[in-house]
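Readers should treat all values here as calculations from the given coordinates under stated rules, not as data from a laboratory. Remember, it's a predicted structure, so these values are computed and weren't measured experimentally. A quick note on method: Cβ atoms are made from the backbone with ideal geometry, for glycine too, and the neighbour counts reach across all protein chains shown.
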Amino acid sequence: MNAIEITGLKKSFHGLYVLDGLNMTVPLGAIYGFIGENGSGKSTTEKLICGHLVPSAGHIQLFGKSYKDAGIRARVGALIENAGCFPNATIYQNLMMQAINLNLPRPHEDIHRVLKIVRMEDGAGLKFKKCSLGMKQRIGIAMALLGDPALLILDEPINGLDTDGMRIMREILTDITQSHGCTVLISSHILGELEKIATHYGIIRQGKMVQELTATEMEGRCRTFTTLKTGDIQRAKLDLQKLFPDVREEGGELRVYDVNDTEAIVRHLLDNGHTIQLLQKNRIGLEEYYIELMSRKEGA
Amino acid sequence: MQTVLAPDFASPTLRQRMKSMLGVDFYRLFHTPMFYIFLAIAALIPAMVSSMGMMAEPGGTAAALFTNAWNIVAADTPLYVVHDIGEYANMNMVFIFGGIMVSIFIGHDYRSGYVKQLFTTHSHKSDYMLSKSLVCAFAMACMCGTYLLGGIAGGLFSGMAFHARVFPLLFAILGKVVMSLGWASLYTFLNVILRRQFGVSITSSFVLGTGIPIIGAAALVGNSPLLNVFLYGSSVNACLSSTIVTLLTCTLVSVVWAVIYNALGTLILARSDVY
């Protein structure tokens with residue numbers, strides 16, 4: 001059973017299709033990184049799953065049932081666009097309303113539990129409007145975590161967080177998936193952070209799913225390369241191409257792709273009388289992979 | 001990734017859903033200063049209107065709006081056609097304040113984004129409509145209570161006479177209280193369909209709350225009991241000559257309109273985007 005299964009999902013606003021036949025599968029227990037440029041349809045998809053928008057066509061299933069099923073919805077937590085809190089109410093009052101909404105038997109204890117998770121146990125009495133952007137994001141997470149969610153939908157949750165906030169968020173998400181078996185759908189433009197936690201990826205473009213892959217598959221597609229600088233770049237490139245299949249010149253540097261044995265590169269250059277000014281081993285991460293994929297699709 | 005067991009999902013019953021929805025709305029109502037401000041307004045207005053009699057001097061231009069203190073609660077007979085402000089100034093004014101209060105109450109749901117939290121979880125659109133209607137009806141009923149206290153205080157202060165038969169007065173008060181449900185449902189419906197235009201929703205609530213459309217219709221058709229099928233008509237009908245039939249009519253009209261507005265509101269919410 002998958003946590004989310006979407007087929008042929010369409011959504012139009014004033015005749016313009018933001019989602020155009022989206023298919024998406026989020027496995028149970030996954031941290032699904034949902035990637036795409038601005039306006040690609042990420043937030044619209046999340047809002048549709050949450051029942052905020054009415055689909056124009058297509059099907060959404062959560063845990064094998066219709067996404068409208070009240071039993072399933074009771075265990076969906078979301079942070080979309082903002083925390084959805086009353087500005088003049090305190091953090092505690094906002095969380096209490098959500099706890100009542102979820103029929104939690106021990107609301108007081110649950111509120112303190114989630115506040116502890118988001119490291120805000122001392123701020124319960126603070127009015128929501130007095131909180132900083134980062135604090136509001138954390139309160140939004142706390143709201144979403146109330147009621148032991150089986151599915152957590154987070155739209156750009158890292159936005160506005162400082163380095164420490166990002167680390168806390170990473171720890172929270174990893175913990176709830178590992179200890180509670182919660183499935184997380186998370187969209188973010190900060191791909192470097194996403195790469196640290198995601199187990200699956202979905203790349204969306206113009207309302208259609210371009211690619212879905214696991215973190216392991218992504219790892220396999222991410223190439224390693226060695227960057228180097230020599231006295232004569234052109235001659236070094238010709239010499240390296242004799243031994244290594246993929247050598248490219250980029251920004252006054254040479255890149256030798258898919259060679260793990262850096263020593264072999266150095267030896268070959270020195271044997272041919274080159275002087276090495278810079279040598280660095282790199283890896284193409286999610287961000288580079290995404291950019292490359294997008295440019296490929298643009299060209300297609 | 002570790003093996004994850006499929007979670008259990010127990011569907012909440014209608015009773016559980018309504019309990020949680022009403023719980024949220026009542027919690028919010030009691031924790032917002034707005035509710036207490038409106039209760040105070042509902043008490044102050046009749047007290048001030050009644051006290052105006054004190055300022056009326058014999059032979060002066062100002063005149064007391066009425067001599068019987070209970071007229072601040074209801075007119076002696078159903079007066080759909082109003083000739084002066086005294087005929088208009090009664091407990092029906094609560095439904096004007098109530099309209100503004102409901103607009104602010106529901107408007108905050110949308111402006112804060114809290115409505116997303118409600119609809120993300122198990123709440124149905126019908127739960128939302130019903131809960132808002134009931135809680136706002138309760139708030140208006142409380143405002144009727146403070147209005148009554150304010151009116152009595154104003155009457156005592158200005159030394160007005162308290163002439164009324166007990167049961168007709170009781171039926172009039174109860175009639176207006178039960179009308180709160182119909183009015184609250186109307187305002188909830190209005191604010192749901194105008195959720196993206198807060199200014200328009202608050203203005204239309206105010207206009208309908210004043211009963212201007214019915215007063216206008218009464219100017220054409222006269223003091224016709226047919227006007228009782230409308231919320232304002234039935235609210236006017238609950239007067240100091242009320243009987244048990246008046247109370248039953250008010251209850252019926254209020255409930256029927258509440259059902260209609262709840263059904264329409266649910267339909268619109270279910271077929272349109274939350275934003």
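Each Cα pair under 8 Å and six or more residues apart adds its separation to the average, and for chain A the resulting relative contact order is 20 percent. The fraction of Cα-Cα pairs per 5 angstrom bin, counted from 0 for the range A:174-300, comes to 2, 9, 17, 17, 12, 12, 10, 9, 6, 3, 2, 0 percent, rounded to whole percents. Calculated over the range B:103-259, the projected area of the Cα convex hull averaged across directions stands at 10.9 nm².
Of all the Cα-Cα pairs you can form in chain B, what percent are over 27 Å apart?
Working: 15953 of 37675 pairs.
Summing the P(r) of chain B above 27 Å gives 42 percent of all pairs.
With the convex hull drawn over the C-alpha atoms of the range A:79-160, the volume per residue is 82 Å³.
Here's how it looks for A:Leu79: its modeled amide H is under 5 Å from those of A:Ile153, A:Leu154, A:Asp155, which are all 5 or more places away or on a different chain. Using θ = phi - 60° in the Karplus curve 6.51 cos²θ - 1.76 cosθ + 1.60, the 3J(HN,Hα) couplings for the range A:253-266 round to 10, 10, 10, 10, 8, 6, 10, 7, 7, 5, 4, 5, 5, 4 Hz; x is entered for Gly and Pro.
So which of A:Lys116/B:Lys19; A:Lys127/B:Lys132; A:Lys42/A:Lys65; A:Lys42/A:Lys281; A:Lys208/B:Lys125 end up more than 26 Å apart, counting from Cα to Cα?
On the way: A:Lys116/B:Lys19 28 Å; A:Lys127/B:Lys132 24 Å; A:Lys42/A:Lys65 22 Å; A:Lys42/A:Lys281 34 Å; A:Lys208/B:Lys125 30 Å.
Pairs exceeding the cut-off: A:Lys116/B:Lys19; A:Lys42/A:Lys281; A:Lys208/B:Lys125.
Computed from Cα atoms, the angle from the helix A:133-145 axis to the main principal axis of chain A rounds to 60 degrees. Couplings 3J(HN,Hα) for the range A:177-190, derived from phi with the Karplus relation 6.51 cos²θ - 1.76 cosθ + 1.60 (θ = phi - 60°), are 6, 6, 8, 10, x, 6, 9, 10, 10, 10, 10, 6, 8, 8 Hz, where x marks Gly and Pro. Helix A:91-101 and the longest principal axis of the Cα set of chain A meet at an angle near 70°.
Arrange the following residues from fewest to most other Cβ atoms within 10 Å of their Cβ: A:Met96, A:Met209, A:Met166, B:Met143.
Neighbour counts put them in this order, fewest first: A:Met166, A:Met209, A:Met96, B:Met143.
Normalised Debye scattering of chain A at q = 0.07, 0.12, 0.17 Å⁻¹ gives log10 I(q)/I(0) of -0.36, -0.83, -1.32, counting only Cα atoms as equal scatterers and leaving out solvent. Taken along its principal axes, the alpha carbon cloud of the range A:82-226 reaches lengths of 53, 29, 29 Å, longest axis first.
Neighbours of A:Leu278, meaning other residues whose beta-carbon lies under 11 angstrom from its beta-carbon, give a summed charge of 0 when Lys and Arg score +1 and Asp and Glu score -1.
Amide H contacts for A:Asn282 (H built 1.01 Å from N in the peptide plane; partners 5 or more residues away or on another chain; cut-off under 5 Å): A:Phe225, A:Thr226, A:Thr227.
Once the convex hull of the alpha carbons of the protein assembly as shown is built, what does its volume come to per residue, in cubic angstrom? Spell out each step's value before the answer.
Values: hull volume 113.6 nm³, N = 575.
About 198 Å³ per residue, rounded to a whole number.
Per the Cα gyration tensor, the range A:223-283 maps to an equivalent ellipsoid with semi-axes of 15, 12, 11 Å, ordered largest to smallest.
Only Lys, Arg, Asp and Glu carry charge here, each on its Cβ (+1 for the first two, -1 for the last two); on that basis the range A:223-283 has a dipole of about 120 debye about its Cα centre. The shape of the range A:172-221 can be summarised by an equivalent ellipsoid whose semi-axes, obtained from the alpha carbon gyration tensor, come to 20, 13, 11 Å from longest to shortest. Dividing the convex hull volume of the alpha carbon atoms of the range B:119-189 by its residue count gives 95 Å³ per residue. Between the C-alpha center of the range A:96-156 and that of the range A:8-47 there is a gap of 26 Å. Within straight-line reach of A:Lys196, meaning a Cα separation under 13 Å, sit the following aspartates and glutamates at least 8 residues removed in sequence or on another chain: A:Glu171, A:Glu219, A:Glu287.
Put a dot 7 Å past the Cα of B:Phe157, heading toward its Cβ, do the same for A:Gln280, and the two dots end up 7.9 nm apart.
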